[in-house]
Amino acid sequence: MTSHTFECTYQLTGSEFATLHEELKKFGSYYFENRPKMAYENKKTDKITKYVCTILSQHGIIIYITLRETTPSTFVPMLIYRINPTRMIEGNKDNYVDVFHCNNALDIPQMANRLLNKISPNLPNIEICSLSRFDYCVNIKLESQQQVTDSIKLINQAFDPTSGYTQKMMFHTKSYKPKYPKTEATFLKSKRVEISFYNKRLQLQQENLNDEWHEDILRAEFRCFKSYLNDLYKKFDIDNITDFFEKSIEIGNYVIAYQLKKLKLDVMFRSSKSIESIIKNGTFKAKTKLDMLLLVEWVSSHKSLKRVIDTCSKSIVNKKLLKKFHKLGISVKPLPCRSSLPEPFNLSELIYKFADAKKSVRVKSIVLDYL
């Protein structure tokens, strides 16, 4: 199981903030204030000041200190670490593609602590922080850029709005009508978890980042936020961040399987003819089969499942009918006739295939050139 970035937080006392603030100011332009807009314009007391320390950014660590004003004379200071294990291990190398295998997760706190303690002995160690975000991340290597583009389009068109997730949409600049983005398929569940599929190579090119591999990668990210992490803590009987790292592979397998199932992406994508054959040979009643065949026809002609659900009556599409497709292990959205993707296209299988791909990393012999 592979991951990318995690965040952990620690609430500072007033004196702890004052000490760290003075120490970090010594790094000059590597420590600066970033004051965002007020969270709620009508609440003058709800102001947030953010300080950012980038002295360790080349080693995959960014330090934030936020001050939330509760009254004009009081505030609550919070320390946040944002850590990319791959960049921390590989030092100054501009590696924007590789992900970190969770087999080595237990080594990360000690490595991060060594870097942080060199900056300031007053920075709290990772073990006593609270995990606030953890991104499971998988590089799915496809055969061409066209396959990456086609897979993103397919995932967007197969989205089931009855799943309880919100699909990221854009607006056409002329018609102002909503449309899904062509370069990503992103779904959010109540600020708890965000699932995103995007074209990694295109993202690197757009941000002018190093792309020496030139691989055609569909990046799949499962971003777990605080409330969802709290539930995972309970489910896996976890008390602290070290326990989470120890069980990160088991947790990752669960998170990906559960989220794909809820999004109904744990199915096979097949051609219209294949779907029709599977339905006709199924054990459903004749009326149910006819309804399913009609729905496949409607989805094919309307381009996406969401559009059918938004425009058609419940006599054509409903939750019970959609569950029939999931029971058969097939998507109601057929593979387009001219799609570059192979049939059947099994997204779930590809994710687990590349999540289990191990990359040798010199974790124990890390060279901290900065130190």
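The values are calculated or read from the model by the stated rules, or taken from the named source; none is laboratory data. The shown structure was predicted, so the numbers you read here are calculated from the model rather than taken from an experiment. Backbone-built Cβ (ideal geometry, glycine too); neighbour counts: all protein chains shown. Just the protein is used for accessible areas: all its heavy atoms, side chains included, with ligands, DNA and RNA removed. Shrake-Rupley method; radii C 1.70, N 1.55, O 1.52, S 1.80 Å.
Put LYS168, LYS319, LYS327 in order of accessible area, highest first, and with a 1.4 Å probe you get LYS327, LYS319, LYS168. Once you order the gyration tensor axes a ≥ b ≥ c over the Cα atoms, which shape class does the stretch 203-297 get: rounded for a/c under 1.5, otherwise prolate or oblate by comparing a/b with b/c? Oblate shape, in that a/c is at least 1.5 and b/c is the bigger or equal ratio.
At a Cβ-Cβ separation cutoff of 4.7 angstrom, cysteine residues of the chain with no neighbouring cysteine are CYS53, CYS102, CYS137, CYS224, CYS312, CYS337.
Note on the stretch 80-164: Rg/Rh from Cα positions, Kirkwood definition for Rh, rounded to two decimals, is 1.12. Based on C-alpha pairs under 8 angstrom that are at least 6 apart in sequence, the stretch 98-247 has a relative contact order of 30 percent. With the helix formula -39500 (n - 2.57) applied to DSSP H stretches of n ≥ 4, the chain reaches a computed 222 nm mean residue ellipticity of -10500 deg cm²/dmol.
Here is the list for the stretch 76-156: trypsin sites (Lys or Arg not before Pro) lying in DSSP coil, each with at most 15 other C-beta atoms within 10 angstrom of its C-beta, are LYS93. For the chain, the residue among LEU79, GLN259, LEU305 whose Cα projects farthest onto the positive side of the dipole built from Cβ charges is LEU305.
I need the semi-axes of the equivalent ellipsoid of the stretch 242-318: take the C-alpha gyration tensor, multiply each eigenvalue by 5, square-root it, list largest first in whole angstrom. Can you show the working numbers first?
Working: eigenvalues 234, 49, 25 Å².
Working from the Cα gyration tensor, I get semi-axes of 34, 16, 11 Å.
Anyone know which of GLU246, GLU221, GLU16 comes out most mobile in the 10 Å Cα GNM of the chain? So, out of GLU246, GLU221, GLU16, the one fluctuating most is GLU16.
Report, in degrees rounded to the nearest 10, the 0 to 90 angle that the Cα long axis of helix 14-24 makes with the longest principal axis of the chain. So the inclination is approximately 90 degrees.
From the Cα gyration tensor of the stretch 128-203, with a ≥ b ≥ c the square roots of its eigenvalues, which class applies: rounded if a/c is under 1.5, or else prolate if a/b is larger than b/c, or else oblate? Judged from the Cα gyration tensor, the stretch 128-203 comes out oblate (a/c at least 1.5, b/c at or above a/b). Structural descriptor for the chain: relative contact order 18 percent, calculated from alpha carbon pairs under 8 angstrom and at least 6 residues apart. Which aspartates and glutamates, if any, have their Cα less than 16 Å from the Cα of LYS25, not counting same-chain residues under 8 positions apart? Answer for LYS25, where 16 Å is the Cα cut-off: GLU16, GLU33, listed by chain and number. Remark: C-alpha extents of the chain on the principal axes read 74, 52, 45 Å, sorted largest to smallest. Solvent-accessible surface of the chain, averaged per residue with a 1.4 angstrom probe and all protein chains in place: 52 square angstrom. Share of carbon and sulfur in the accessible area of the chain stands at 50%, probe radius 1.4 Å.
Report, as a whole number in µm² per second, the diffusion coefficient that Stokes-Einstein gives for the stretch 79-119 at 20 °C and 1.002 mPa s using the Kirkwood radius over alpha carbon pairs.
Details: Rh = 11.1 Å.
Approximately 192 µm²/s, per Stokes-Einstein.
Loop only per DSSP, at most 14 neighbouring Cβ atoms within 10 Å: give me the GluC sites (Glu not before Pro) in the stretch 147-208, ordered by residue number. All intermediate terms of the calculation are to be shown ahead of the outcome.
Working: sites: GLU184, GLU194, GLU207; in loops: GLU207.
Loop-located and lightly packed - GLU207.
Roughly speaking, what is the centre-to-centre gap between the stretch 192-268 and the stretch 292-356 when only Cα atoms are used, to the nearest Å? Using only Cα atoms, the two centres lie 23 Å from each other.
If you take every residue apart from GLN146 with its C-beta less than 13 Å away from the C-beta of GLN146, what net charge results, scoring Lys and Arg +1 and Asp and Glu -1? Mind dumping the intermediate values first?
On the way: positive: LYS153, LYS182, ARG201, ARG338; negative: GLU143, ASP150, ASP216.
It works out to a net charge of +1.
Using Cα centres only, tell me the gap between the stretch 110-179 and the stretch 60-87 in whole Å. About 21 Å separates the Cα centre of the stretch 110-179 from the one of the stretch 60-87.
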